[in-house]
């Protein structure tokens, strides 16, 4: 460690208090003033527990088994509660993954932002208000004065994360710990929040400890990276060196799991489309009052799409663009206010039962879409309930065959959803969808909640099943890196309208619309090298 090291961690080990099982094992690293240092690893790697130990915020079930944490030469582990209260917020700020759980839903934004200033700074009320309004303006809140009286639920996820960042930076900490600060946000908002965080911290000279499983995002902003696996450090070094020539197999595995573009497929678009949506309009009722009806809110403004036999069409756009509403409308889960949906050239409503048997959906969160009271085999069999010509034995056989197809097999048949990992649950959700052998599948953000290596496995599985069964697919995602790997054609939505569409390579390499260019500029173009590493090139940047 150098003499200007702000935070020094030496041989830190954490264990489960009840069993003594090590969850973080003998890790050491240091952060110097003003630098941005990244920790990457999958869920369960111990990165979040390790960083919570830096400010003594470990859960009761976890205890320190050894090592030391020194902040500006002071040992954090031996600090009193009073000293820790002075350290947290004023010296070391923390931005957590989900701002809705960090912000108090029963308190106004103004009161929550004021708390830290009251605790750590002796300022007059007028001065506190002035500082808060200035910071809200700096983080991009359009109406800072109105925001003071608003509550967290009145803001989008990106705005809540901006407010959370404002609350931390108001105190001008010397070190900011950002724990998965953009995981729940779409690519454009993710980049906006990260750029904002970097600008604010550079202006104040704040060092940043950035924790994430998103390697490209960490690589864009950090000078050094530490890679963790199963509670241990497997590799650390300069960001450029580590990406270019990773030394550890786990780091190479993480890098190889990033989405890369596959060769384009030839799709026959001359016949009748599998699914054709024409001028779809969806209106949601507005808020009603005692004396008058609420004003209708239009979510889709005359959207039209054709999806051909065996084609994967990706529907992309930021949060609130209407892509999920459109997918649910095609599936019949949302009633259209206008327009027509045709399946194999026939109106969807003329053969509703046939359409529903041939249209299946994979949702973003498999845990909420799987009944926790049913076994895995029962969940897959349930999808076959209305398929004609299958008796109980045939359904069981088909269900077991499908579980084998998705890489689970009979060993998982009697388990329940809570006994599986997130990736395994998503495999079950895919099994339910393909068990009927549908002709059309809607996948709504099917991998956005998964770690990078699990995401790669699920995407590979999806591609294999699509080739094997030949179903057409509407693939909804805000992650253009994933889209680049799986899509034949790309449709870009903004504010309930289609603004650009075309084959994947044309849209990615020669985007026409400014919004499409903005989406693409938020993700890297990846090139693998012969050293097991990657070269990150940010699109549309000169």
Item to check | Residue count for the stretch 355-406, restricted to those that are free of Cβ contacts under 8 Å to residues at least 40 places away in the same chain and more than 25 Å from residue 445 (Cα to Cα) | outcome: 15
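What are the residues in the stretch 249-282 that are in contact with a strand residue (DSSP E or B) (Cβ under 6 Å, 6 or more places away or on another chain) and surrounded by fewer than 16 Cβ atoms within 10 Å (Cβ to Cβ), if any? I'd like the intermediate steps shown before the answer.
Of the residues in the stretch 249-282, the ones in contact with a strand residue (DSSP E or B) (Cβ under 6 Å, 6 or more places away or on another chain) are 250-251, 255, 258, 260, 273-282.
Answer for the stretch 249-282, where residues must be in contact with a strand residue (DSSP E or B) (Cβ under 6 Å, 6 or more places away or on another chain) and surrounded by fewer than 16 Cβ atoms within 10 Å (Cβ to Cβ): 260, 278, 279.
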Next on the checklist: What's the number of the only condition in (1) free of Cβ contacts under 8 Å to residues at least 60 places away in the same chain; (2) buried (at least 17 other Cβ atoms within 10 Å of the Cβ); (3) in contact with a strand residue (DSSP E or B) (Cβ under 7 Å, 6 or more places away or on another chain) that residue 472 fails to meet?
Outcome noted: (1)
Next on the checklist: Quick check on residue 321: is it in contact (Cβ under 8 Å) with a residue 24 or more places away in the chain, touching a strand residue (DSSP E or B) at 6+ places or on another chain (Cβ under 9 Å) and surrounded by fewer than 16 Cβ atoms within 10 Å (Cβ to Cβ)?
Outcome noted: no
Next on the checklist: Among the residues of the stretch 15-26, what is the count of those that are assigned to a strand (DSSP E or B) and either at pLDDT 95 or above or over 18 Å from residue 228 (Cα atoms) (or both)?
Outcome noted: 1
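Mind counting the residues in the stretch 354-380 that are closer than 15 Å to residue 438 by Cα and part of a helix (DSSP H, G or I)? Break it down into steps so the answer makes sense when it comes.
We begin by selecting, within the stretch 354-380, every residue closer than 15 Å to residue 438 by Cα; these are 354-362, 380.
Now narrow it down to the ones that are part of a helix (DSSP H, G or I): 354-358, 380.
Final tally of qualifying residues: 6.
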Item to check | Criterion violated by residue 234 - all others in (1) surrounded by 19 or more Cβ atoms within 10 Å (Cβ to Cβ); (2) at pLDDT 85 or above; (3) more than 23 Å from residue 486 (Cα to Cα) satisfied | outcome: (1)
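Are any residues in the stretch 58-70 part of a strand (DSSP E or B) and either over 29 Å from residue 448 (Cβ atoms) or modelled with pLDDT under 90 (or both), and if so, which ones? Don't jump to the end; show me each part of the working.
To start, the set of residues in the stretch 58-70 that are part of a strand (DSSP E or B) comprises 62-70.
Answer for the stretch 58-70, where residues must be part of a strand (DSSP E or B) and either over 29 Å from residue 448 (Cβ atoms) or modelled with pLDDT under 90 (or both): 63, 64, 65, 66, 67, 68, 69, 70.
In the stretch 19-60, which residues are in contact with a helix residue (DSSP H, G or I) (Cβ under 7 Å, 6 or more places away or on another chain), touching a residue at least 60 places away in the same chain (Cβ under 8 Å) and either in the same structural domain as residue 233 (by TED's automatic domain parsing) or crowded, with 21+ Cβ neighbours inside 10 Å (or both)? Steps first, please.
So the first thing to find is which residues in the stretch 19-60 are in contact with a helix residue (DSSP H, G or I) (Cβ under 7 Å, 6 or more places away or on another chain), and the list is 23-24, 27, 36, 38-42, 55-56, 58.
Filter once more, so that each one left must be touching a residue at least 60 places away in the same chain (Cβ under 8 Å): 23-24, 27, 36, 38-42, 55.
The answer is 24, 27, 36, 38, 39, 40, 41, 42, 55.
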Item to check | Residues located in the stretch 335-349, provided they are surrounded by fewer than 18 Cβ atoms within 10 Å (Cβ to Cβ) and either within 18 Å of residue 438 (Cα to Cα) or under 27 Å from the mean Cα position of the chain (by Cα) (or both) | outcome: 345, 346, 347, 349
Next on the checklist: Among the numbered criteria (1) touching a strand residue (DSSP E or B) at 6+ places or on another chain (Cβ under 8 Å); (2) in contact (Cβ under 8 Å) with a residue 60 or more places away in the chain, which one does residue 63 miss?
Outcome noted: (2)
Item to check | Residues (assigned to a loop (DSSP other than H, G, I, E, B), modelled with pLDDT of 90 or more and in contact with a strand residue (DSSP E or B) (Cβ under 7 Å, 6 or more places away or on another chain)) located in the stretch 34-57 | outcome: 35, 54, 55
Next on the checklist: Which numbered condition in (1) surrounded by 14 or more Cβ atoms within 10 Å (Cβ to Cβ); (2) assigned to a strand (DSSP E or B) is the only one that residue 11 fails?
Outcome noted: (1)
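Taking the conditions exactly as written (out of contact with any strand residue (DSSP E or B) (no Cβ under 8 Å at 6 or more places or on another chain), surrounded by fewer than 22 Cβ atoms within 10 Å (Cβ to Cβ), part of a helix (DSSP H, G or I) and at pLDDT 85 or above), does residue 199 satisfy them or not?
Details: out of contact with any strand residue (DSSP E or B) (no Cβ under 8 Å at 6 or more places or on another chain): yes; surrounded by fewer than 22 Cβ atoms within 10 Å (Cβ to Cβ): yes; part of a helix (DSSP H, G or I): yes; at pLDDT 85 or above: yes.
Yes.
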Item to check | Counted residues, the stretch 86-111 - those being surrounded by 13 or more Cβ atoms within 10 Å (Cβ to Cβ) and without any contact (Cβ under 8 Å) to a residue 24 or more places away in the chain | outcome: 1
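The values are calculated or read from the model by the stated rules, or taken from the named source; none is laboratory data. Since we're looking at a predicted model, the values are computed, not measured. Ideal geometry is used to build each Cβ from the backbone, glycine not excepted, and the neighbour counts take in all protein chains shown.
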